[in-house]
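One structure below.
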Amino acid sequence: METPNYIFAGKLCRDYFITSDGIPVIDILGGSLPYAAVGFKLWETSPPGIIGRVGEDFPQQWLEDLNNHGIDTRGITILPKAVDVRSFYVYTDKATRVTGEPIPFFSKLGLPFPKALLGYHDTSKNICSRIELTTTSLRRGDIPNEYEEATIAHLCPVDYLTHSLLPAIFRQIGYTTITLDPAPGYMNPTFWNEVPPLVTGLTAFLPAEEDLRNLFQGQTDDLWEMADSIAAYGCEIIIIKRGAYGQFVLDAGANKRWEIPAYDSRLVNPTGVGDAFCGGFLTGYRQTYDPVEAALFGNISASIVSEGVGPFFALGVLRRLPQARLDHLRQSVRRI
């Protein structure tokens, strides 16, 4: 098997959600890893490696599906116990996602409650711990020897301790490009003093607008001020993901700012679009070393993933589609 040069560290989940049309989608492959890897695969033929942790109860077929789609799973640690990686959410419209305990949502819509969600409790709003690793927190030992020859990594949203440990480990191994999408569990004012060390030395920091606003609440409402503040800690490229509004791009080293609109796609399901953006951004950056061009790659990856359900839908589109969309969107970039 080819040794991957691009590595994604994050989560695999078992997704349960209700669409904006009130249709339940029960137990499909989800989490940041498959979507980030697919966002990458839309532009690259080489296999990305993924690092994550699941229990022995995680469907083996899903891991085989990832391998069959050209995604290297040698970095997935299978723990010798059951691990609850269920994720439940509801779309109140095609772009708005809410989380909570599932029973009231199924009851309100008159839908039968799936037995697979018995015992589920929403933890999406939990604050990260500064001292205790969770079962799915990533450790040094989760990086297989085969991935130590890689030089490029993206850290998907996981938890504070994972994000405080892995960038330094990757740098020690010899990785030269490291990007990070922060986790909502620490993007709040109580972690204000902990965020700067996470950012220092990154190639790019890629927060969602909502998470960045949560971190800066009570300080400023200006997204560019937020980006400048983060960049001052030693990360020259800040990408603010703004959903249907596209992205803000800050190249602090060149003192340049851009706004990119979201590609006007046929939105079906926004699950995983932020992760797909990061996957596209990573390959775009290493191909061009241009933050705007990289953001365009990510933008197109997100647009294609949004047009179907599940991570593998995007890999079935026409091979020329990503490039055609990229050429079209490039005309819409606006220098600020």
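The values are calculated or read from the model by the stated rules, or taken from the named source; none is laboratory data. Computed from a predicted structure; not experimentally measured. Heads up, the Cβs are rebuilt from the backbone with ideal geometry, glycines too, and the neighbour counts pull from every protein chain shown.
Go through segment 265-302 and give me each residue that's crowded, with 24+ Cβ neighbours inside 10 Å, over 11 Å from the mean Cα position of the chain (by Cα) and of a type in the set (A, V, I, L, M).
Within segment 265-302, LEU282, ALA294, ALA295, LEU296, ILE300 qualify.
Is there any pair with a first residue in segment 153-178 that is touching a residue at least 60 places away in the same chain (Cβ under 8 Å) and a second that is assigned to a helix (DSSP H, G or I) and among the aromatic types (Phe, Trp, Tyr) whose Cβ atoms are under 9 Å apart and which are 6 or more apart or on different chains, and what are they?
Going by the 9 Å Cβ cut-off, the qualifying pairs are ALA153/TYR147; ALA153/PHE170; HIS154/PHE40; HIS154/PHE281; LEU155/PHE170; CYS156/TYR35; THR177/TYR285.
Filtering segment 12-28 down to residues that are closer than 24 Å to ASP93 by Cβ and of a type in the set (A, V, I, L, M, F, W, C), which residue is farthest from the chain's Cα centre (by Cα)?
Filtering segment 12-28 for residues that are closer than 24 Å to ASP93 by Cβ and of a type in the set (A, V, I, L, M, F, W, C), the one farthest from the chain's Cα centre (by Cα) comes out as ILE23.
Considering LEU42, LEU33, LEU117, which residue is farther than 16 Å from ARG14 by Cα and touching a residue at least 40 places away in the same chain (Cβ under 8 Å)?
Just one listed residue meets the conditions, LEU42.
Each row is one residue, and each column tells you yes or no for (1) more than 21 Å from the chain's Cα centre (by Cα); (2) among the basic types (Lys, Arg); (3) surrounded by 12 or more Cβ atoms within 10 Å (Cβ to Cβ).
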| position | (1), (2), (3) |
| --- | --- |
| PHE106 | yes, no, yes |
| PRO112 | yes, no, no |
| ALA116 | yes, no, yes |
| GLY119 | yes, no, no |
| SER129 | no, no, yes |
| GLU132 | yes, no, no |
| THR135 | no, no, yes |
| ARG140 | no, yes, no |
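Filter segment 240-298 for residues that are hydroxyl-bearing (Ser, Thr, Tyr) and under 30 Å from TYR16 (Cα atoms); which is modelled with the lowest pLDDT?
That would be SER265.
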